[in-house]
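See below for the structure under consideration.
Every number in this text was worked out from the coordinates using simple rules, so none of it is lab data. Small disclaimer: the values here were computed from a predicted structure and weren't measured. Counting neighbours? That spans all protein chains shown, and the Cβs are built from the backbone with ideal geometry, glycine included.
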Amino acid sequence: MIELSKVMGHRGAALLAPENTLASIRAAAATGVKWVEIDVYPIAQGGLIIFHDDTLDRCTNGSGVTEQSQLETVLSLDAGAWFSESFRGEAVPTLEQALDCIQELRLGLNLEIKYEGSDVDSVVPPILAMLEAKWHQPKKLMISSFNYPALQVCHRLQPNIALGYLVEEVPADWQEKLSAIDAYSLNCYYLPLTEQQARAVKAAGYKLLCYTANDPAEVTEHWAWGMDTVITDDPNQFMALES
Ligand code: G3P
Ligand code: MG
């Protein structure tokens, strides 16, 4: 059984430090939050980095298409100064570095597979292999993705890992999709979610995670509807909920 908590830091704590960096993960931990969500992005020659965007431009001092970038190049970039001068020198982490950091901080991990391609049979197994080698707290791990075929590969190869199906809007076939991969949760954008949808997901026995809310007033109703966890850029705003 997963030891889920009510609050999860988004991209670490994206409002407090440059997103998806080790500094962001540490900033999340400093708030007292117990879980973080980060994005693992497959790049050239099997590299696995923690990164959100399709290009390097917004969050580093480099440029170019993320998936075509070489690991050596990405690791030489500054991923902190764009956020604030005080984070200059912060690097894009590898998946391995992030797993070490998160475990040192005793946090739970929602690892989002950020991959829009179709070659999931090549891309997903190395991510699972890295988790198998480096992650030692199965009750504090979930994998999520908008890429449903990627989750199908996870289910086939590692059926014990909790899976969250990520959606912006709840699709008509959500129940079939969750059932077919024995999912743990539906992870959806809080804004378009309706009370009826939320209650149906909960009635079907799934956890309900909602992203990305930074003001507690935005999700007051969602708790009443049965939301289990809010994913937020600023866990400080929600810390009253964590015991
Ligand atoms: O996992 C929730 C959230 O991270 C999904 O959207 O674009 O911020 O990765 P995005
Ligand atoms: Mg994400």
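For region 194-202, state whether one or more residues are more than 16 Å from ligand 2 (Cβ to nearest atom) and under 15 Å from the mean Cα position of the chain (by Cα). Scanning region 194-202 turns up no residue that is more than 16 Å from ligand 2 (Cβ to nearest atom) and under 15 Å from the mean Cα position of the chain (by Cα). Listed by first and then second residue, the pairs with beta-carbon distance under 7 Å, at least 6 apart or on different chains, first residue in region 31-57 and of a type in the set (K, R), second within 14 Å of ligand 1 (Cβ to nearest atom), are K34/G108.
Could you please let me know if L15 is within 16 Å of ligand 1 (Cβ to nearest atom), under 25 Å from L151 (Cα atoms) and in contact (Cβ under 8 Å) with a residue 40 or more places away in the chain?
no
Among the residues making up region 219-243, those that are without any contact (Cβ under 8 Å) to a residue 40 or more places away in the chain and part of a helix (DSSP H, G or I) are V219, T220, E221, H222, W223, A224, W225, Q237, A240.
Just to check your reading of the model, which residue among E90, E132 is among the charged types (D, E, K, R), in contact (Cβ under 8 Å) with a residue 12 or more places away in the chain and over 28 Å from L77 (Cβ atoms)?
Just one listed residue meets the conditions, E132.
Of the strands (runs of 3 or more DSSP E) contained entirely in region 106-218, those carrying at least 1 residues that are among the hydroxyl-bearing types (S, T, Y) fall at 141-145, 162-167, 185-189, 207-211. Considering only residues in region 159-211 that are surrounded by 17 or more Cβ atoms within 10 Å (Cβ to Cβ) and of a type in the set (S, T, N, Q), the one that is farthest from ligand 1 (Cβ to nearest atom) turns out to be Q197.
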